[in-house]
Structure formats: C-alpha cells, structure tokens
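The values are calculated or read from the model by the stated rules, or taken from the named source; none is laboratory data. Nothing here was measured: the structure is a model prediction, and the numbers come from that model. No Cβ is skipped: glycine too gets one built from the backbone with ideal geometry, and neighbour counts run over all protein chains shown. Ligands, DNA and RNA are stripped out before the accessible areas are found, and what is left, the full protein with its side chains, is counted by its heavy atoms. Shrake-Rupley method; radii C 1.70, N 1.55, O 1.52, S 1.80 Å.
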Amino acid sequence: MDDPLDGNEGSDSDERDRYLAAMQDLTAAMAASGTTFQERVEPVLAVGREHLGFPNGHIAVVSGDEHKVVASSGLPSTISPGVERPLSETYCKHTLNDSGIHIINKASESMAADPAYEQAGLEAYVGTTLRADGSEYGTLCFVNDDEAISEFSDWQETLLEHLTQWVEAEIERDIAVDSHEESQRLLEATFNSPETFIGILDADGTLIRANETALGFIDADAADVCGEPFCETPWWNHDEAVADRCREAVERTRAGETVRFEAEHVGADGQRISTSVVARPVTADGVVRKIIVEGTDITDLKRREEQMEFFNSILRHDILNGMTVIEARAETLADTLDGAQSNYAETILDWSQDIVDLTQKVRSVLNTMSDDGLTEAETIALGPVVEGATKKAASMDEDCTLRADIHDDIEVVADDLLDDVVGNILTNAVEHGGPGTTIEVTTERVGPMVHLHIADDGPGIPPAERDAIFEKGERGTESTGTGFGLYFVSVMVDSYGGNIWVEESDLGGSDFVVALPVR
C-alpha cells in the first residue's frame, strides 16, 4: 500500500494534507468506539463519507445470493440496516468479483441494463471486499444516489484500504465475541443440565460452584453452600457413611485419581434419590487445581434392580420349588384316578405347565430388562387374550360367572405376557370374590388409551388399600400367596406405557382398570 505521506517525487502537498486530515479523523473515530458493532463502525463510515465524497456508506454481509446491510451512515436512503435483497440485484456483486477496489463513476451509462441499477438507481459507487475469519464476509461501500464522481485519487484509495482493514478487524472482534458468548451459553447449558448434579471444588475440597439442578434439590442458594467443605454440605451431611464416602473420593481425586461411587441423597422435600457419582481432577502443570463432581440420578435404575432381584427370588423359591411338588403329585393322581377326579388331576397338570411357561417368560423379562423398558412391546389383539384368560379363570370355580364383551378390532401395545397380566387379575377376582362370583370384562376407548375393566361383585377393596395391593410383596389378609401376582401386573403394565388402578364396580365389588396404549 503506497502512503501519500511518504514524500515521493510528484506527490501533491494538497493531497497529502487532505490525507493527513482524513487519517486524523479516522484515528479519532476509532478511539471513540462504542459497545456495539453498529456504534463502533458508524463514526468510521462517517469519516469515509466525508473524505471520499459520498453521502452514504454501508457494510453488508453476503451469504450465497443473500445480501444484507448490517451498518449504515449518511443521509436517508433506501439502503439502511436490515435491508435484504438478492446479491444479483446489488452493485456489490461486481465488487466481490474484483480483487481490489471496484469503482463505478456514472452508473446511468455503464450499468443502464443491470438489474442492480434498475432496482437501486445509484449513480456512483465504490466498494471493497471484506474478509473475516479466513473467508469472504461481505462488502464495504460508499454510494451516491444522484451524482457521478469525477475522480477517485490515490490517497482516497489508500484511505479506503485503511477503512477496509479497520472494519475487518472489528468484524473479527465481533465474531470472536459472538463465538465466546455462544461457547459460554453452551457451557452454561451443559453445566445446568436438569439431569445432572454438578459441583466444582477447589483442590482442598471446598465447594466453589454448584449448578442449578443441585441447588434446587436441597432448596439452597449458592451463597448458602459455596465456600464450605463439600462433604459437609446438605447433599452429604444427612448420613455419616455417605459423607465419609464423599470425603474419601475427594481425597483420592486430590491425588489425581478419577473416582466413581454410588450414594443416596435426601432433598429438601424429603425425597430420596440414588446417584452414580464421578469425581474428576482438573490438572495444570501436573498439579490438581480443581475437582469436578458429577452425580447422575439412577433412582429408576436401582428400582429396576430391586424388581429383578424380587423376580429372581420368586423364580428360585416360590415358583420352581412349588412346581417340583405340584407336578409330582399331579402325575401320581392322574395315573391312579379316573372319572371326574382324573379330570381334576389333568387340570392340575395343565396349570403346572402354565406355571412353567410363565416362569420361562419371567426369566425372559429379566434377561431383556433395560433402561428403555422391560420388554419389546408390540401391537396385540386384546380379544383373544381376554378369551383365553377367562377360560382359565373359569376352571377355578364351576359356580362363578364370567362375561366378556371385547370388540374384535381392539389392539393395544403390550407383549406376550399380557395374557398372564389379565389372567392374574381374573384369577385374583375368582379367588377373593367368594363362591358364585360374577365377573364382567369390558373395554372403553379413552383418548390414546384403551381401558380394560375387570369388575366383580365380590367384597371389594377399601379405598385406603387400593394402591398398596400393587406393591412388592403385598397380599390380602386372607391370601396365602406370595404377593407376586398384582406386583407383576403393575410392573408389566407400566413397561407397556400404561397404568392400573382399582375403582368400585357397578356390580358392588372391585373394578380393576388396566389402561393400555394404542399405537
């Protein structure tokens, strides 16, 4: 870049003076920078307008065929910040095709047929390409709506190059600020994940910062806990053993180790949750400077583990041991009896085989348990399931009455254990309903769900006990069972994305309502 102030032979002193004045004004404009990009570049554009002889100056960003003015200075014009138009309809398209400064002296003659002239009607134009972050960003241009320019001197070209460099530096600065702010927003969003408790500690174990999720759990402000020994904060101090586990993890992390452990926490509302905790060291120059502790809620996972343990217990003790006795006795009876008694023995054998089948199915459930659900659900016709379950339940009591009214076209989301789910409820109704129980099975569509009603005229279940009967190990006072049946029903219905509850039936007893989703 040639400097008009270098005193080369032939340089005009008047031009040097004008250039010097322009550079002094530019220096003053740059020193008076504002807080926003627009505030910083407007004074610089004003310097360009004054010394280049144009009433309007603009900065535009270009992306593909999109041209958008982002900053302007000068007289009221059709070109103002925020104006967007196709690049093909702008003078800037010619600037971007040139390697240097693009000058249009009299557009009415040189661009009469150009769409840009037809759209804007600018008589004079001078522009340069702006580059930022290693790529083409847009243009810096100065325009005159009505008058042509007679000349564009060397010192003005030099001034325009200085303006271009300064604007590019401001764009780089703005991009860097935006990038930094975006990074900060992403970091804050990650730090305040609603799924994870996060704490940042000094190397000595003092809490520096905790995320909103962790603070919300104990209903505390940052000022309440920051600056305190981490292991003495409410997340840990509710139990001495839990606090000791935290303290040990911090000590090991201070030595450079990443530590993983599980812990139980009590929230401000008394809620208990289980977490999987990871404590990681942050080092600099080989020295641990900070410690990051992250806790992930695994309460649901622990609950599933309990369910699996319970099912395994049932399989090992109640079902398999019982099956050995039942099958042996049933085979003996079937071989030695005849008539009705032989039929009864065959029924026992049939039920024994069903129990074996159920045992295999439950084993399959345990093998396929995952975070996404107990089993892979599919669309199943409800009618055949109910028909098979009612026949089986009816064989338990010849005096009971079972009526089912299920439309053939009803399908629900479940799996091949649905027949055992329905069968458990029906056999429960027969067993607890008393001699001659009447049971009615009906359905109704409620939004995206099908409600399967299994109602009886038995003694019913008191409202205070209706929720408890679905809990693990619960059973009625007159029952000799294990408490497996209804807990199994509840777990399976939940895995289908459904729900189950008990109401009072129109028959006077209980109405078990099984809500199952429709795909």
Long-range amide H contacts for R209: which residues qualify at under 5 Å (H placed 1.01 Å from N, peptide plane, sequence gap of 5 or more or a different chain)? I200
If amide H atoms are built 1.01 Å from N in the plane of the peptide, which residues on other chains or at least 5 residues away come under 5 Å of the amide H of T438? T401, D457
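For the range 191-297, what is the accessible area per residue in Å² when the probe is 1.4 Å? The partial results should precede the final answer.
On the way: 5560 Å² over 107 residues.
I get 52 Å² per residue for this part.
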Full-stretch length increase - A148, D269 - with 0.36 nm per residue and alpha-carbon distance subtracted: 35.9 nm
Heavy-atom accessible area of E170 with all protein chains present, probe 1.4 Å, nearest 10 Å²? 20
Calculated FRET value between R16 and N192, using beta carbons and R₀ = 56 Å, to 0.05: 0.40
Could you tell me which helices of the chain pass both thresholds, a Cα extent of 20 Å or more along their own axis and a mean Kyte-Doolittle hydropathy of at least 0.0, with helices taken as whole DSSP H runs? 320-336, 418-433
Point-to-point label distance, I292-A46, nm (Cα→Cβ direction, 7 Å offset): 4.7
Roughly how far apart, in whole Å, are the Cα centres of the range 267-342 and the range 49-80? 69
Which GluC sites (Glu not before Pro) in the range 184-260 sit in a loop by DSSP (not H, G, I, E or B) and have at most 14 other Cβ atoms within 10 Å of their own Cβ? E195, E257
Can you give me the accessible area per residue for the range 375-518, using a 1.4 Å probe, in Å²? 48
Length-normalised contact order of the range 15-178, Cα under 8 Å, at least 6 apart, in percent, tallies to 21
5 angstrom amide H check on R131, placed H, neighbours 5+ away: Y137
When the Kirkwood hydrodynamic radius is evaluated over all pairs of different C-alpha atoms of the chain, what value in angstrom, to one decimal, is obtained? 31.4
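In a shell of Cβ-Cβ distance under 15 Å around V288, excluding V288 itself, what net charge do Lys and Arg (+1) and Asp and Glu (-1) give? Mind dumping the intermediate values first?
Working: positive: R252, R254, R280, R289, K290; negative: D202, D204, E251, E257, D285.
Summing Lys and Arg as +1 and Asp and Glu as -1 gives 0.
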Counting only helical runs of four or more DSSP H residues, what would the 222 nm mean residue ellipticity of the chain come to if each run contributes -39,500 (n - 2.57) and the total is spread over all its residues? -13500 deg cm²/dmol
Assuming a strict under-25 Å limit between Cα atoms, what lysine pair count do you get for the chain once near-sequence pairs (fewer than 8 apart, same chain) are dropped? 9
Dipole axis of the chain (+1 Lys, Arg; -1 Asp, Glu on Cβ), positive-most option in Q353, H51, A21: Q353
Express the carbon and sulfur contribution to the solvent-accessible surface of the range 191-297 as a percent, rounded to the nearest whole number, probe 1.4 angstrom. 43
Which whole-number percent is the relative contact order of the chain (Cα, under 8 Å, 6+ apart)? 7
